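The values are calculated or read from the model by the stated rules, or taken from the named source; none is laboratory data. Note that the coordinates shown come from a computational prediction; the quantities given were computed from them, not determined experimentally. Backbone-built Cβ (ideal geometry, glycine too); neighbour counts: all protein chains shown.
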Amino acid sequence: MTPAALVAALGLVLAAEGLLYALFPDAVRGVLARLIALPDQGLRAVGLAAAALGALIALAASLL
């Protein structure tokens, strides 16, 4: 994967996240409140799951 592709991917992630905040601010606040309430172990599990899913998506995209 080239550096330009990584920067483009980061830009898409930021754009998608920004759209979620803009279109669904109440839902985002609710999700963030639930994340804050999670114990450290639960938050680590969510973070690891998100990282693993992101890595799998990146791997799948590189195989296309």
Next on the checklist: Where the second residue is in a helix (DSSP H, G or I) and at pLDDT below 90 and the first is under 15 Å from Leu64 (Cβ atoms) and lies in the range 1-14, which pairs have Cβ atoms under 7 Å and are six or more apart or on separate chains?
Outcome noted: Met1/Ser62
Checklist entry - For the range 9-28, what are the residues that are of a type outside the set (Val, Ile, Thr) and either surrounded by 11 or more Cβ atoms within 10 Å (Cβ to Cβ) or in a loop (DSSP other than H, G, I, E, B) (or both)? => result Ala9, Glu17, Leu20, Tyr21, Phe24, Ala27
Item to check | In the range 29-43, the residues that are surrounded by 11 or more Cβ atoms within 10 Å (Cβ to Cβ) and either among the aliphatic types (A, V, I, L, M) or touching a helix residue (DSSP H, G or I) at 6+ places or on another chain (Cβ under 6 Å) (or both) | outcome: Val31, Leu35, Leu38, Leu43
Next on the checklist: Going residue by residue through the range 44-64, is there one that turns out to be surrounded by fewer than 10 Cβ atoms within 10 Å (Cβ to Cβ) and outside any helix (DSSP H, G or I)?
Outcome noted: yes
Checklist entry - For Ala9, all conditions in the list (1) modelled with pLDDT under 90; (2) over 12 Å from the mean Cα position of the chain (by Cα) hold save one; what is the number of the exception? => result (2)
Item to check | Residue count for the range 15-64, restricted to those that are polar (S, T, N, Q) and without any contact (Cβ under 8 Å) to a residue 24 or more places away in the chain | outcome: 1
